[in-house]
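Here's the structure we're looking at; comments come further down.
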Amino acid sequence: MADQMLNNYLSTSVLDAGTNREDNTNGVLVTDKNYTNMEHKWDEAFGYLYGVDNALNPVLDVDSFLNKYLERTEGDADFTGIAQDIYDAFKLGRAAIVAGDYDLRDQQANIIREKVSTVIARMAVFYLIDGKETRGANPAAGLHDLSEGFGFIYSLQFTRQPNSEIPYFSKTEVDAFINTLLDGNGFWDLTDAEIDAMAADIASRFDFTVEEAHN
């Protein structure tokens with residue numbers, strides 16, 4: 001979902017593919033539809049986050065995917081406002097497309113990339129630390145948290161730095177994290193020091209600390 005949103009539908013290679021920009025500027029609609037192809041591509045990206053939510057007034061936590069974890073991140077006082085930032089960027093970017101202001105559109109796409117990437121990274125750090133702190137007293141819960149963290153760590157390669165074509169973490173870097181998680185007997189052999197090092201490394205690429213991601 002993150003990859004499709006951040007790297008596919010919000011990319012200029014998709015938004016401006018073929019004659020999309022010319023058609024959008026001239027108000028050429030998709031056959032039998034009331035939107036241009038560029039508008040449709042932007043709406044596809046929107047749908048990956050808000051597809052089953054109220055598009056006009058999102059309530060969040062209505063699916064088990066990014067929408068849920070946006071709500072979790074918004075609920076952390078250190079990240080309050082991120083949900084509104086993302087929604088506002090989607091709205092303004094859509095309005096910019098209607099107005100033919102493609103620079104403004106791209107500015108909003110960059111905001112979405114940065115903020116959604118932050119959600120993924122924050123959840124990775126949260127679950128790593130939660131798993132570390134929980135597994136002693138409740139191994140099942142701790143291993144569940146680490147498994148959640150594994151998924152978000154894997155997703156780091158699909159994040160996207162604003163104003164660039166590169167993720168916050170390369171596939172090689174993500175593979176190194178995964179090798180640490182799976183080495184030996186996997187989570188059972190994972191040390192607190194290894195968890196702390198991964199969490200700190202992830203947080204260092206973003207504008208938050210490990211403590212802010214898990215408090």
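Readers should treat all values here as calculations from the given coordinates under stated rules, not as data from a laboratory. Owing to the predicted nature of the structure, the values given are computational and were not obtained by experimental measurement. No Cβ is skipped: glycine too gets one built from the backbone with ideal geometry, and neighbour counts run over all protein chains shown.
The packing ranking of peptides 139-148, 2-11, 182-191, highest mean first, is 2-11, 139-148, 182-191, where packing means the average number of other beta carbon atoms within 10 angstrom of each residue. With neighbour counts taken as other beta-carbon atoms within 10 Å, the residues 52, 30, 116 rank, fewest first, as 52, 30, 116.
When the helices of the chain are scored as -39500 (n - 2.57) per DSSP H run of n ≥ 4 and the total is divided over every residue, the value at 222 nm lands at -19000 deg cm²/dmol.
Measuring between their Cα centroids, the stretch 160-215 and the stretch 31-89 lie 25 Å from each other. Relative intensity of the stretch 2-213 on a log10 scale, I(q)/I(0) at q = 0.12, 0.16, 0.17 Å⁻¹, equals -0.66, -1.02, -1.12, per a Debye sum over C-alpha point scatterers of equal strength in the absence of solvent.
The order of 80, 209, going from fewest to most other C-beta atoms within 10 Å of their C-beta, is 80, 209. The residue among 48, 95, 181 whose Cα reaches farthest toward the positive pole of the charge dipole of the chain, with charges on the beta-carbon of Lys, Arg, Asp and Glu, is 95.
Listing 114, 165 from fewest to most neighbouring C-beta atoms within 10 Å gives 165, 114.
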